[in-house]
Amino acid sequence: MIELRACQGHDEMEACVRLQIEVWGYDPSDVIPRKAFLVAQVIGGQAIGAFDTELSSNGPEAMVGFALSLPGVKTGNFEPRAYLHSHMLAVREAYRNRGLGARLKQEQRREALARGIRHMEWTFDPLQIKNAHLNIHRLGAIACRYLVDFYGVSSSRLQGGLPTDRLVAEWRLDSPRVQAILEGGPASNYVIEEQILVPASIYQWKASEADWDRALDVQLENRRKFQQAFSQGLAVLGFVRDAEGNGIFELGPLTHLDLDELQTKSPNESPRL
Ligand SMILES: CC(C)(COP(=O)(O)OP(=O)(O)OC[C@H]1O[C@@H](n2cnc3c(N)ncnc32)[C@H](O)[C@@H]1OP(=O)(O)O)[C@@H](O)C(=O)NCCC(=O)NCCS
């Protein structure tokens, strides 16, 4: 059985750091340290751990996943509003594809709503088909911002040396769209005006010296398409996978419902995030 709960004490925060290094393969300059997990929790963020209760102890050694979020504030022509920026989600490899990543996100949502926080965001690599499926299709996030090389050079083995381009996932926690999707129903109807494809082979191309340029070409072409679509007012509203395992982002105009989801977007926020 996997128990989800807030991390407690220095040892469990340290276990998050160890799992982070195991999952991303970061070198020390990229690692989020234990103190940052601690501070995030103290100032209104979240450090939530997933613990396998069948392992010898239910303490730090039993941690098989975690989610870290930082508190943020949106300002603009409305009262300042608190939201959460989810910076990391990790599940140990042997525990993946059993719904644990989705459960961690749902625990973040439950805990946020219990405190009256209704909006959460995070960035994700649009070349990671699995993450796009989880974020858009399973959780109901939408995206209408594209960040070019957001983190700069990264030692993450998942990045494969490509620029760290990111989409910003926006999760309006109590919107009808999100509720319907989390209950297993369909998303509200949306019109598809643009599709952006990520080939299933992208993972092999990134990892291969011979094909790395092909991965970069896909990234640059998709970057251009996302930027153009977003400048025309379209947003990522759906994500599907075809029979070959390719990922397809579905973009369309925001309905009134979806527009409401974006009310927390701040006109004065930094152009990078
Ligand atoms: C992203 C991550 C946290 C997901 O955890 P997880 O426990 O495997 O997630 P879940 O089991 O809840 O959901 C995974 C979904 O992706 C699907 N999936 C698995 N492999 C896939 C692939 N290659 N392409 C597309 N979808 C895939 C699964 O079928 C599942 O969808 P379903 O529930 O509709 O069947 C985990 O893979 C991970 O730690 N990755 C490395 C770190 C990372 O990328 N973190 C997120 C960015 S910060």
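The values are calculated or read from the model by the stated rules, or taken from the named source; none is laboratory data. What you see is a predicted model, and the numbers here were worked out from it, not measured in a lab. Note that each Cβ is placed from the backbone with ideal geometry, even for glycine, and that neighbours are counted across all protein chains shown. The area values use the complete protein model at the heavy-atom level, side chains included, leaving out ligands, DNA and RNA. Shrake-Rupley method; radii C 1.70, N 1.55, O 1.52, S 1.80 Å.
Results, tabulated for the structure shown:
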read-out: Per-region count, the range 74-102, residues near the ligand (Cβ under 6 Å from one of its atoms), open to solvent by 40 Å² or more (accessible area, probe 1.4 Å) and assigned to a loop (DSSP other than H, G, I, E, B); value: 3
read-out: Residue that is surrounded by 15 or more Cβ atoms within 10 Å (Cβ to Cβ) and over 17 Å from the mean Cα position of the chain (by Cα), where the choices are 194, 170, 183; value: 194
read-out: Check on residue 4, among the aliphatic types (A, V, I, L, M) and crowded, with 19+ Cβ neighbours inside 10 Å; value: yes
read-out: Residue among 131, 135 that alone is within 14 Å of the ligand (Cβ to nearest atom), under 18 Å from residue 251 (Cβ atoms), open to solvent by 30 Å² or more (accessible area, probe 1.4 Å) and part of a helix (DSSP H, G or I); value: 131
read-out: Residue match in the range 65-73 (condition: closer than 28 Å to residue 154 by Cα, assigned to a strand (DSSP E or B) and touching a Pro at 6+ places or on another chain (Cβ under 7 Å)); value: yes
read-out: Condition check for residue 177: more than 14 Å from residue 237 (Cα to Cα) and away from the ligand (no atom under 13 Å from the Cβ); value: no
read-out: Condition met for residue 53 (away from the ligand (no atom under 16 Å from the Cβ), open to solvent by 20 Å² or more (accessible area, probe 1.4 Å) and under 30 Å from residue 225 (Cα atoms)); value: no
read-out: Yes/no for residue 110 being in a loop (DSSP other than H, G, I, E, B) and either free of Cβ contacts under 8 Å to residues at least 40 places away in the same chain or within 8 Å of the ligand (Cβ to nearest atom) (or both); value: no
read-out: The range 19-32 - residue that is under 20 Å from the mean Cα position of the chain (by Cα) and not hydrophobic (A, V, I, L, M, F, W, C) and, of those, surrounded by the most Cβ atoms within 10 Å (Cβ to Cβ); value: 20
read-out: When residues of the range 186-203 are limited to those that are of a type in the set (S, T, N, Q) and out of contact with any Asp or Glu (no Cβ under 7 Å at 6 or more places or on another chain), the one nearest to residue 166 (Cα to Cα); value: 201
read-out: Criterion (part of a helix (DSSP H, G or I), open to solvent by less than 10 Å² (accessible area, probe 1.4 Å) and out of contact with any Lys or Arg (no Cβ under 9 Å at 6 or more places or on another chain)) met by exactly one of 229, 215; value: 229
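Results for (1) touching a helix residue (DSSP H, G or I) at 6+ places or on another chain (Cβ under 9 Å); (2) within 15 Å of the ligand (Cβ to nearest atom); (3) modelled with pLDDT under 95, shown as yes or no for each residue.
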{"site": "127", "(1), (2), (3)": "yes, yes, no"}
{"site": "145", "(1), (2), (3)": "yes, no, no"}
{"site": "156", "(1), (2), (3)": "yes, yes, yes"}
{"site": "173", "(1), (2), (3)": "yes, no, no"}
{"site": "182", "(1), (2), (3)": "yes, yes, no"}
{"site": "196", "(1), (2), (3)": "yes, no, no"}
